[in-house]
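Every number in this text was worked out from the coordinates using simple rules, so none of it is lab data. Note that the structure is predicted; figures quoted are calculated from it, not measured. When we count neighbours, we look across all protein chains shown, and the Cβ atoms used for this are built from the backbone with ideal geometry, even at glycine.
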Amino acid sequence: MRHWIFTDEHELFRKTVRKFVANEITPNVEQWEEDGEVPRSLFHRFGELGYLGIKFPEEYGGGDMDLVTAAVLTEEMARSGSGGVGASIGAHTNIALPVIANFGSHAQKEKYLKLGIKGEKIAALGITEPEAGSDVASMKTTAKREGDHYVLNGSKTFITNGVNSDFAVIAAKTKEEPQHKNISFFIVEKGTEGFTTGKKLKKLGWRASDTGELFFDHVKVPAENLIGEENKGFRYIMKNFQWERLVMALGCIGLAEITLEAAVKYSKERTQFGRPIGKFQVLNHKMADMAVEIEKTKHLTYRALYLYENGEDALKETTMAKKYASEMINRVTDQAVQIHGGAGYMMEYPVQRYWRDGRIQSIGGGTTQVMNEILVKALGITN
């Protein structure tokens with residue numbers, strides 16, 4: 001059943017993307033998971049198809065389409081069977097490039113956004129640090145103005161595309177106080193003296209996305225690479241977070257759908273005590289509950305998407321969507337593994353990967369606990 005937020009054009013686009021994913025991504029998932037990264041050619045392919053620039057201005061090579069179209073792409077990417085693939089593409093087009101598109105100068109958009117939209121250059125966003133995860137304002141990386149450049153010192157960790165990106169959008173403190181009014185964004189190119197990457201980090205899930213550490217040792221960045229205004233970075237982060245959290249909720253929906261499909265398929269094929277296990281009420285009721293969970297998540301997420309797309313205050317709704325979707329995917333994938341029994345614990349069956357990939361959703365982009373803190377403030381319970 002088509003949901004109210006999607007038009008005929010959106011559903012036609014969905015069919016096109018689903019076919020592309022089935023033909024060009026899913027068959028390669030196992031290899032990319034083993035490699036710990038997606039090939040650069042995939043970014044080129046996405047660029048050729050216009051998928052990296054859906055929501056960006058035509059002036060810079062984008063499609064200038066609505067966010068609902070971008071949401072369709074996100075859901076369908078999650079159906080590829082590898083959260084890591086969606087994470088790499090998403091970190092590039094949904095998290096890093098929007099900072100440049102929304103707050104960057106015309107020159108920055110010409111130099112970086114255009115190449116990112118084409119898939120010729122890969123972008124990463126660097127905010128998280130060893131001592132600053134949920135508490136963004138506590139970051140230690142600094143950027144000191146010296147003449148016509150800034151000098152960056154510090155480090156970032158858990159950065160998606162951190163190893164293979166060509167440039168990174170980096171948040172750094174440009175003065176000591178006050179918190180929340182001392183962070184700025186910079187574009188830092190790989191190969192810049194003093195900018196190095198650490199080893200590729202091994203993860204429980206999202207294994208097809210490269211995740212790395214970034215180190216800055218007296219890195220000179222041209223002043224022209226400052227994005228937007230100095231000390232306005234925290235506001236930029238908060239604005240970007242709403243879309244990032246919607247993207248994560250949408251990804252949970254796509255992953256949950258294929259997880260339920262896998263559980264239903266297995267329940268029809270697996271026979272015990274003389275009949276398919278799907279005939280046992282204790283199991284088919286689990287799948288009924290999974291379907292309800294997914295549908296509830298869709299309504300919550302699409303409502304938030306509608307508000308955000310139309311420029312309304314959607315902080316409460318996007319936070320609710322992120323919170324509920326990330327909890328839902330953990331319940332749904334866990335039940336799918338249980339329905340598969342011992343087979344669900346084997347690498348041969350994809351539900352083990354769905355479970356591993358789903359686990360990050362209640363951590364990345366803001367933990368469930370942080371979402372709760374935002375909600376109690378939005379509801380006026382605390383200041």
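Build a GNM of the chain with springs between Cα atoms under 10 Å apart, and of Thr174, Thr318, Thr74 the one that fluctuates most is Thr174.
Neighbour counts of other Cβ atoms within 10 Å put Glu261, Glu373 in the fewest-to-most order Glu261, Glu373.
Springs join every pair of Cα atoms under 10 Å in this Gaussian network model of the chain, and among Met320, Met238, Met290 the largest mean-square fluctuation is at Met238. With 10 Å bins beginning at zero, the pair-distance distribution over Cα atoms of the stretch 1-153 amounts to 10, 34, 32, 19, 5, 0 %.
For the chain, hydrophobic long helices are taken as DSSP H runs at least 24 Å long by C-alpha position along their axis with mean Kyte-Doolittle hydropathy of -1.0 or more; these are 233-269, 281-309, 315-340.
Here the residues His340, His44, ranked from fewest to most Cβ neighbours within 10 Å of their Cβ, fall in the order His44, His340.
Ranking of Tyr51, Tyr324 by neighbouring Cβ atoms within 10 Å, starting from the fewest: Tyr324, Tyr51. Checking the Cα-Cα distances for Lys114/Lys202; Lys173/Lys199; Lys118/Lys220; Lys144/Lys190; Lys181/Lys203; Lys114/Lys173 against a 29 Å cut-off, the pairs over it are Lys114/Lys202; Lys181/Lys203.
A cut-off under 12 angstrom between Cβ atoms defines the neighbours of Glu309, and their net charge, with Lys, Arg +1 and Asp, Glu -1, is -1.
Annotation: aspartates and glutamates with alpha-carbon distance below 18 angstrom to Lys286 (same-chain offsets under eight excluded): Glu257, Glu261, Glu269, Glu295, Glu327, Asp334. All other residues whose Cβ lies under 14 angstrom from that of Glu129 are scored, Lys and Arg at +1 and Asp and Glu at -1, for a net of 0.
Taking trypsin sites (Lys or Arg not before Pro) in DSSP loop conformation with at most 12 other Cβ atoms inside 10 Å as exposed sites, the chain has its longest uninterrupted site-free stretch at 3-198. Computed over neighbours whose Cβ is under 12 Å from that of Leu49, the net charge equals +1, Lys and Arg +1, Asp and Glu -1.
The alpha-carbon of Lys55 sits under 13 angstrom from the alpha-carbons of these aspartates and glutamates, leaving out residues fewer than 8 places away in its chain: Asp64, Asp66, Glu309.
Counting only residues at least eight positions apart within a chain, or on another chain, the aspartates and glutamates with an alpha carbon under 15 Å from that of Lys200 are Glu33, Glu34, Asp35, Glu37, Asp210, Glu213.
Taking the alpha carbon gyration tensor of the stretch 232-383, multiplying each eigenvalue by 5 and rooting it gives semi-axes of 35, 14, 12 Å, largest first.
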